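One structure below.
Values quoted throughout were computed directly from the atomic coordinates according to the rules given, and no laboratory measurement underlies them. Here the structure is a predicted model, which is why all the values come from computation and not from measurement. Heads up, the Cβs are rebuilt from the backbone with ideal geometry, glycines too, and the neighbour counts pull from every protein chain shown.
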Amino acid sequence: MAEIKSHIGTQNKKGQTYTDAWKMMHEAPRNPSFYTGSEVIKEALRRASCDVMIAYPITPQSEAAALIGELFAEGYIGDYFRGESEFAVMSQCAGAAFGGARVFTTTAGPGTMRAMENFPMWAGARLPIQMIVTCRGINSPLSIQPDTIEISYLLNTGMLVWHAETAQDFFDWILKGFMVSEEPEVHLPLALCCDGFFVTHTKDVVNLTPADMCLPPYDPYRSPVPCMDMECPPVRMMRDPFIMKSNYISYATHASWQQEIWAAIERSRKHTIKWINGLIDTENTDAEVVIVASGTAVSQGREAIRLLEDEGVRCGLVKVKSLRPWPGEEIREATKNAKHIFVPEFNVTGWLAKEIKATIPNSERVHAGPHVCGGMTMPPEIIVSEIKTALGLRSESLAGRGS
Amino acid sequence: MTQYRVLPGPEHFLPPAAASMGIYLPNPGEAHINGVIVPEEKAYEEAARQFLMAQVPTIFPGPLVLWAWNEKAAKKAAAVRKLYEILKECVQPGQKPMLIPMPDYRPKYPKINPEVEINPNHPNLTIWHNKIDCCMFIGVHCHQANLSLKIIRGGTSCYTVAMCAQAGHEDAMLSFRDASVEKILKLGEWIRKLKGTVKPRLTTAKTSASN
């Protein structure tokens, strides 16, 4: 810590002042700016004291990656390049992080899937890389449109997984995410997800911290594993006896290692709560009907609640901000009064509803839907319709247009 | 509030990580004993008592204090050596303090030499061989320390103490955080203070193999 603190108040080569992260995020004046989500990623990274950014173009994250290239040209990023593929990118990110750098990358959809082998490796190697996931469809036939299915694949990689609703969440959580994931007892990669296009390509007013302030640099000497020790696990991977041997000791070491990754996710809980002000946000959870959602489904849920209020139906809202660590206790508490729990999602499988069903008592209260996918929008009216139908209220069909 | 407690084993074929059982790390100025947060002062006394009670109290210094990679590390190493000397002064006849390094984290095959080192991938071998019933990790990278502490809890009855330079270890039975030269020496002072007041255990460590 002494090494980090010694940087506070000094300036980097761009004249930005290394600032205590808590003061920068909570006490520094904010400047309202009208930006797309992609531009917000760039602005967050300008303030992140990032050493290395690597990406491969894939819609809808390409714009953010290109904008960060401008930051590199301006001298805000230590190194920046395009990898040969998403798999190469994530491997190169690992190399940079092993070497002690603060590393950032962006990805989406099939790119995330192509690189998937790297994510448990990052977590197992305790590399606090931050990866922006601008979610989109992954299946054939090809879709570049918004769809959150890829988040479900990330949930068991050992990474921290957060799901931003707005560009403001995005700006704040990119910077705060480094603070959580770089804690020595956490030291895990963070997948910071948003719904592609809805957030990345939409303009919104975002309150930015001063551009002349930046995060303190990453201190690799606080890492729970040695930096780039080529003779020891986790760097020394394949040639090592403890990987290749088949015996009880080898298995026990692996088991203990995996447990340690999930223990680190648990340890991130208190830091995540501190930095993003709780794992969930709640409104009116004394209501009998509650919507639980993450990402932009929260915004649609909020609008549906307004429409329902006009019809005399009171409805609460739970915004799930962090998926790993999973807010199990918080969701149990927030839904304890609910007779009906609706989980609107932008994916076909309803992974969030499944997680919630596995968390709460009397899970038959959970209505897994409405779902849309493949790039469809989710009009608040379909959430209203689903809720009214479940409550036995008359609901007009929304599909019969033109008749 | 969890009912789980971090206690000497052998706990289980595959014991859980204490963090996954609801055990939290202490905040600055605190420590934990068996997973319960306590004021740091109380932890010094308990750690000293455990050392003086043990038949084979052992310090396991890791790479962060074994190599003089900065001035602070060299000073910590000298403090660890001093702590070991104090321990030797304060134990009673029949007790056998040891200082066994964890010089690196490479898995050692075909077999570790448990008389001269401990390894995070099979720390139980060193514990079993030397019949160590109380140990303290210091200067071991946190991930590797947790790996070791969990395996030791799983297969041995050894009481584990962590003197951690970062946030501490739930998987130890007793953990300090923000370790410094002063804290290491303060533990030495507590051992001196309790000298002659603690009755050593009559038996050495149990193992899952001998159970």
Where in chain B are the helices, taken as whole DSSP H runs, whose Cα atoms extend 27 angstrom or more along the long axis and whose Kyte-Doolittle mean reaches at least -0.5?
-> B:71-90
Using a Förster distance of 25 Å, the FRET efficiency for A:R306-A:K23 (Cβ separation, nearest 0.05) | 0.10
Ranked by GNM mean-square fluctuation in chain A (Cα springs under 10 Å), the top entry among A:A263, A:A48, A:A94 is A:A263
If you count, for every residue in B:144-151, the Cβ atoms of partner chains within 10 Å of its Cβ, what is the mean?
-> 5
Enumerate the aspartates and glutamates that A:K203 could reach by cross-link, defined here as Cα to Cα under 19 Å, with residues fewer than 8 away along the same chain left out.
-> A:E39, A:E43, A:E63, A:E165, A:D169, A:D172, A:D195, A:E303
Averaged over all directions, how much area does the convex hull of the C-alpha atoms of region A:2-222 cover when projected, in nm²?
-> 10.9 nm²
Just tell me which lysines come within less than 25 Å, Cα to Cα, of A:K357; anything on the same chain fewer than 8 places away is out.
-> A:K270, A:K319, A:K321, A:K336, A:K339, A:K388
Efficiency by 1/(1 + (r/R0)^6): what FRET value for B:L99 and A:V205, r their Cβ-Cβ distance, R0 = 41 Å, to the nearest 0.05?
-> 0.10
As straight-line cross-link partners of B:K75, the qualifying aspartates and glutamates (C-alpha separation under 13 Å, not fewer than 8 residues apart within one chain) are B:E182
Using only Cα atoms, locate the centre of region A:186-234 and the centre of region B:1-29, then give the distance between them in Å, rounded to an integer.
-> 29 Å
Under a 10 Å cutoff between Cα atoms, tell me which one of A:T202, A:T36, A:T389 has the largest fluctuation in the Gaussian network model of chain A.
-> A:T389
Hey, which of these cross-link pairs are over 19 Å Cα-Cα: A:K176/A:K354; A:K14/A:K274; A:K274/B:K183; B:K72/B:K96; A:K14/A:K42; B:K42/B:K82?
-> A:K176/A:K354; A:K14/A:K274; A:K274/B:K183; B:K72/B:K96; B:K42/B:K82
Find, to one decimal place in angstroms, the Kirkwood hydrodynamic radius of chain A, where the mean of 1/r is taken over every pair of different Cα atoms and then inverted.
-> 22.0 Å
For region B:1-143, rounded, prolate or oblate, judged on the Cα gyration tensor with a ≥ b ≥ c (square roots of eigenvalues), a/c < 1.5 rounded, else prolate if a/b > b/c?
-> rounded
Check each of the chymotrypsin sites (Phe, Trp or Tyr not before Pro) in region A:5-52 and keep only those in coil by DSSP with at most 12 other C-beta atoms within 10 angstrom; list them in order.
-> none
Compute the Kirkwood hydrodynamic radius of region B:55-211, taking the inverse of the mean of 1/r over all pairs of distinct Cα atoms, and give it in Å to one decimal.
-> 15.7 Å
So how many Å³ per residue does the convex hull of the Cα atoms of region A:280-390 work out to?
-> 88 Å³
Bridge type composition, chain B - antiparallel percent by DSSP, nearest 5 | 30 percent
Could you please rank A:C227, A:C315, placing first whichever residue has the fewest other Cβ atoms within 10 Å of its Cβ?
-> A:C227, A:C315
Label region A:102-210 by shape, choosing from rounded, prolate and oblate, from the square roots a ≥ b ≥ c of the eigenvalues of the Cα gyration tensor; if a/c is under 1.5 it is rounded, and otherwise prolate applies when a/b is larger than b/c, oblate when it is not.
-> oblate
Can you sort B:F60, A:F178 by how many other beta carbons sit within 10 Å, fewest first?
-> A:F178, B:F60
By counting other Cβ atoms within 10 Å of each Cβ, how are A:S397, A:S38, A:S152 ranked from fewest to most?
-> A:S397, A:S152, A:S38
